[in-house]
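**Q** Below is one structure. I have some questions about it.
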Amino acid sequence: MKKIFLFLVFIISFSTSFAQLIYPTKWTFTKEDNKNGEYTLVFKVKLDEGWHIYSQFTPDGGPLPMVFKFDKASCVKLIGKVTESKPIEEFDSMFLVNVKYFSKEVILKQKIQVSGSCILKGKIDYQACKESCIFQDTTFTFSFNNEKSEIIPVDSDSADVQQAQIIQTPPNQAQIGTPVLEEGCGGSTTTENSMDRGLLAIFFAGFLGGFVALITPCVFPMIPMTVSFFTKRSGSRKKGIINAIIYASSIIIIYVSLGLLVTITFGSDALNELSSNAFFNLSFFIIFVIFAISFFGAFEITLPSWMINKADSASDKGGLTGIFFMAFTLSLVSFSCTGPIIGTLLVEAARGQSYLGPLMGMFGFSLALAIPFALFALFPGWLSSLPKSGGWLNTVKVTLGFLELALALKFLSNVDLAYHWGFLKRELFISIWVIIAVLLGFYLLGKIRLSHDTEVNYIGTGRLMSAIVVFTFALYLIPGLWGAPLRMISGFPPPEFYKEWQTGKETDCPHDLTCFHNYDEGMAYARSHKKPVMVDFTGWACVNCRKMEDNVWSDNRVLKKLREDYILISLYVDDKKELPLSEQFTSPLTGKLIKTTGNRWSDLQAGVYHTNSQPYYVLLDNAGKILASPKGYTPNIQDYANFLEEGLCRFKKRQ
């Protein structure tokens with residue numbers, strides 16, 4: 001048990017260390033005029049504490065050296081090679097050569113001869129190392145027209161220059177998170193930490209899922225049986241309590257290990273990519289429909305008997321090993337009821353884009369599942385107060401079947417949105433949910449019976465109250481067919497602008513706002529209309545994005561600013577529309593081929609703002625300069641309105 005615990009601590013630490021994007025170098029570029037058309041280009045890089053980069057002249061067999069690549073320019077002639085500061089030189093036992101590297105700060109220079117006005121562009125390839133190494137590149141552009149040399153800003157009309165720049169640093173910012181902002185415009189009243197809040201939400205979702213799993217027919221009957229077994233087998237109440245607590249702890253370890261296995265195997269980026277992938281979503285749609293049919297009693301889904309028998313036989317060994325395998329047997333036997341809950345939880349946790357998401361979800365789930373075993377072991381008298389197993393357990397299972405059908409539709413909607421198939425618009429989605437809710441309500445009232453249901457002679461209080469809630473929910477959904485916002489379920493149906501019934505005045509943006517889905521087009525429009533920009537990094541499968549649009553953007557204070565004062569650029573990071581071949585490129589940040597529109601905007605967000613979570617809101621002036629510290633998920637309307645006002649104030653000062 002101690003080794004398992006230490007292993008979990010190590011994995012959590014490992015996952016946390018890579019949860020944020022790493023960018024340890026800060027480059028600046030200047031030029032010195034040596035007269036008569038001769039210049040010295042100066043490349044200066046500062047490294048974060050503990051990081052180093054290797055010299056251009058690292059010997060063969062050593063680590064990858066730094067490489068300068070200058071684009072061809074007829075008006076520029078290179079004089080000699082790039083010179084560099086004196087490097088640190090020492091023998092490396094791994095490469096078995098004397099390596100040359102730099103730490104803290106490096107200055108490199110290149111002399112050139114220039115004839116007339118022109119632009120010189122290029123790239124620096126290198127690897128930055130600390131405990132591990134990451135491959136990076138930095139693009140640069142020098143202009144020679146008797147003006148100060150600079151990096152071409154993000155809003156340049158040159159598409160290739162723009163793409164190179166946005167991968168390296170944010171527009172005109174020396175360092176992320178420390179923009180130079182004008183005084184007198186206030187600032188955020190609260191500090192938003194969307195990742196912490198997201199992980200907490202995932203934990204509570206898992207905790208709720210665990211309690212739902214407790215009252216399924218696969219788990220509930222095992223509570224008194226297992227606790228009684230420990231109490232009698234242990235010989236004393238104290239020993240029985242200890243064994244039951246170990247049993248509960250084993251449940252937590254098993255499910256948390258499952259969450260860790262998912263994140264380590266796939267990683268947060270891969271899981272997020274899967275969350276809008278056609279094959280993945282269609283597969284889960286089919287799986288959830290199959291589980292629903294199973295819950296309705298058509299057939300029983302179980303894991304292979306040999307797996308359960310092997311785990312069961314291992315539980316007879318006694319001691320800690322036996323108790324652990326008893327918990328493992330529970331996990332296997334209860335799979336037909338807990339599998340869909342766990343599957344849904346892992347997928348939703350993956351959309352949080354943090355390595356810790358599935359871990360926190362499984363911890364919440366297993367904690368709720370384990371608590372009753374520990375509590376009933378401490379207070380065995382409570383066992384007599386538990387309701388007896390019976391037909392009500394089957395009612396719970398069938399109810400879960402209806403819920404599975406509703407959730408299955410969400411997976412189908414994800415792929416429809418991301419690939420723009422257009423067959424599951426908002427009205428159809430809501431209509432199907434209304435039908436499912438009405439059928440569930442009639443089932444709870446005993447008007448619909450399935451083959452394995454017992455006859456309902458009377459309606460109990462629990463059934464009646466549940467039916468009232470379900471029918472009320474169905475009535476709540478109906479106005480959504482004609483445009484009602486349905487804020488209670490924001491993020492589940494398609495967005496309100498993705499609808500079948502159009503009047504001809506709608507836009508493809510929330511609340512019929514004017515928005516752009518291309519960064520360049522949006523910035524050009526903002527310049528021509530002399531307005532600031534809000535870049536909205538969002539996603540079709542992003543639940544919190546829809547919550548912000550439905551619950552925060554709909555407020556008059558916010559909506560008025562978005563409609564009248566800002567140009568909205570909504571960039572969907574999971575959009576599967578393929579880019580033309582001429583626009584596809586290999587990301588210097590990740591080394592992956594950027595093939596789709598979503599890939600492009602995701603790479604832009606990660607490269608410039610060092611985050612890949614959505615929603616993410618960035619306020620810029622129409623020259624690409626940051627107006628306020630970017631925000632993530634911000635459900636407080638006043639905070640969000642203040643954020644927009646802060647950016648608008650700074651924009652007016654700059655004008």
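The values are calculated or read from the model by the stated rules, or taken from the named source; none is laboratory data. Because the structure is a prediction, the values reported are computed rather than measured. In this analysis, Cβ positions are derived from the backbone assuming ideal geometry, glycine residues included, and neighbour counts consider all displayed protein chains. In case anyone asks, the SASA skips ligands and DNA or RNA and just uses the protein heavy atoms, side chains included. Shrake-Rupley method; radii C 1.70, N 1.55, O 1.52, S 1.80 Å.
**Q** Per residue, how large is the accessible surface of region 529-570? Use a 1.4 angstrom probe and give square angstrom.
**A** 32 Å²
**Q** Turning to a different aspect of this structure: State the extension gain, in nm to one decimal, for the chain segment bounded by LYS239 and LEU261, taking 0.36 nm per residue of separation less the distance between their alpha-carbons. Numbers along the way, then the final one.
**A** Numbers: separation 22, 0.36 × 22 = 7.92 nm, distance 3.24 nm.
Gain on stretching LYS239 to LEU261: 4.7 nm.
**Q** Hey, another quick one. Could you give the length gained by full extension between TRP382 and LEU282, i.e. 0.36 nm per residue of separation minus their alpha carbon distance, to one decimal place?
**A** 31.6 nm is the gain from fully extending TRP382 to LEU282.
**Q** Between LYS81 and ASP520, how high is the FRET efficiency from 1/(1 + (r/R0)^6) when r is the Cβ-Cβ distance and R₀ = 41 Å? Nearest 0.05. Can you show the working numbers first?
**A** On the way: r = 36 Å, r/R0 = 0.88.
Calculated value: 0.70.
**Q** Need one number: % antiparallel among DSSP beta bridges in region 530-595, to the nearest 5.
**A** Values: 2 of 8 bridges.
Taking every DSSP beta bridge with both residues in region 530-595, the antiparallel ones total about 25 percent.
**Q** Now, a different point. Determine the percent antiparallel among the DSSP beta bridges restricted to region 502-655, to the nearest 5. Write out the running numbers ahead of the final one.
**A** Numbers: 10 of 18 bridges.
Within region 502-655, antiparallel bridges account for around 55 percent of the total.
**Q** Next question, about the same structure. Under 16 Å from the Cα of LYS100, which lysines turn up, not counting those fewer than eight places away in the same chain?
**A** LYS86, LYS130
**Q** Could you compute the FRET efficiency for ILE435 and LYS35, with r as their C-beta to C-beta distance and R0 at 56 Å, rounded to 0.05?
**A** Details: r = 81 Å, r/R0 = 1.45.
The calculated FRET efficiency here is 0.10.
**Q** Then there is this: How far is it, in nm, from the label point at VAL97 to the one at LYS577 when both lie 7 Å from their Cα along the line to the Cβ?
**A** About 4.8 nm separates the two model spin labels.
**Q** Which of rounded, prolate, oblate describes region 493-562, given a ≥ b ≥ c as roots of the alpha-carbon gyration tensor eigenvalues and a/c under 1.5 marking rounded, otherwise prolate only if a/b is larger than b/c? Walk me through the numbers before you get to the answer.
**A** Details: a/c = 1.57, a/b = 1.41, b/c = 1.11.
Cα axes put region 493-562 in the prolate bin.
**Q** How much length is gained if the chain between LEU208 and LYS653 is pulled fully straight, taking 0.36 nm per residue apart and subtracting their Cα-Cα distance, in nm to one decimal? Kindly include the intermediate steps, with their values, before the conclusion.
**A** Values: separation 445, 0.36 × 445 = 160.20 nm, distance 4.90 nm.
That works out to 155.3 nm of additional length.
**Q** What list of ³J(HN,Hα) values in whole Hz, one per residue of region 475-480 in order, does the Karplus curve 6.51 cos²θ - 1.76 cosθ + 1.60 (θ = phi - 60°) give from phi, with Gly and Pro shown as x?
**A** Those phi angles translate into 5, 4, 6, 4, x, x Hz.
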